[in-house]
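Notes follow once the structure below has been shown.
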Ligand code: PGA
């Protein structure tokens, strides 16, 4: 695992945006695994700027997103389809037909099966972007005694519902289940890039970068089994974690 410690969160976003632009320039028809949440938003802004400046062309890129809430339609401003359109796809020259976000409405088991098929359609992701939950979750694979390898319906933990309630009017509005890629889907990607910032992520990142322990109670720790993982954190978070480059 490569751990990159940057001067600031903005520098972390620039680092990851550069990685993605370099990949797309090298392989214009690459497949990207994308993530939602607050953390990648400024990184997506940098991709938009690079695209508008003519530095990167997304016209042949395919994308698959990690997850989607169950029970809210894609027109809902907290659905992850809405998030991706609003924060990235509407502002770059990607063909939306080449972007996939799991369906939140309808038969959840069928929606999970469709996500599972999309993870491998045309080959696995060249790069999978990840955030991390305060409890170490990646996508919506929650810290628990058991993790799942494939796409499935996950019941969100109290910690995740609490963390995500900042995006909703009230906590009761946060969906309690989601469709998510499984751990095997994430580990199948050729390269995994995880970006984290903020004190709330201290314990999760400590469990990821400070030792070789793998535990289902910090799902991100399974990334230690992958050959090509880049964890990008700012100096402030590295100091809280006690990580020395
Ligand atoms: P955040 O979420 O970027 O909003 O902190 C990350 C996650 O839960 O994976």
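The values are calculated or read from the model by the stated rules, or taken from the named source; none is laboratory data. This is a predicted model, so every value here is computed, not measured. Positions of Cβ are generated from backbone atoms using ideal geometry, with glycine treated the same way; all protein chains shown enter the neighbour counts.
Some observations on this one:
So that you can scan it fast, the table gives a plain yes or no per residue for (1) assigned to a helix (DSSP H, G or I); (2) away from the ligand (no atom under 16 Å from the Cβ); (3) farther than 11 Å from residue 92 by Cβ:
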position: 14; (1), (2), (3): yes, yes, yes
position: 18; (1), (2), (3): yes, yes, yes
position: 24; (1), (2), (3): yes, yes, no
position: 32; (1), (2), (3): no, yes, yes
position: 60; (1), (2), (3): no, yes, yes
position: 68; (1), (2), (3): no, no, yes
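Let's see how each residue does on (1) crowded, with 22+ Cβ neighbours inside 10 Å; (2) over 25 Å from residue 124 (Cβ atoms); (3) modelled with pLDDT under 95; (4) in contact with a helix residue (DSSP H, G or I) (Cβ under 6 Å, 6 or more places away or on another chain):
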| position | (1), (2), (3), (4) |
| --- | --- |
| 22 | no, no, no, no |
| 29 | no, no, no, no |
| 43 | yes, no, no, yes |
| 47 | yes, no, no, yes |
| 53 | no, yes, no, no |
| 60 | no, no, no, no |
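- Test: residue in segment 51-64 that is touching a residue at least 40 places away in the same chain (Cβ under 8 Å) and under 26 Å from residue 163 (Cβ atoms): yes
- Identity of the residue in segment 194-209, more than 13 Å from the ligand (Cβ to nearest atom) and farther than 21 Å from residue 156 by Cα, that ends up surrounded by the fewest Cβ atoms within 10 Å (Cβ to Cβ): 206
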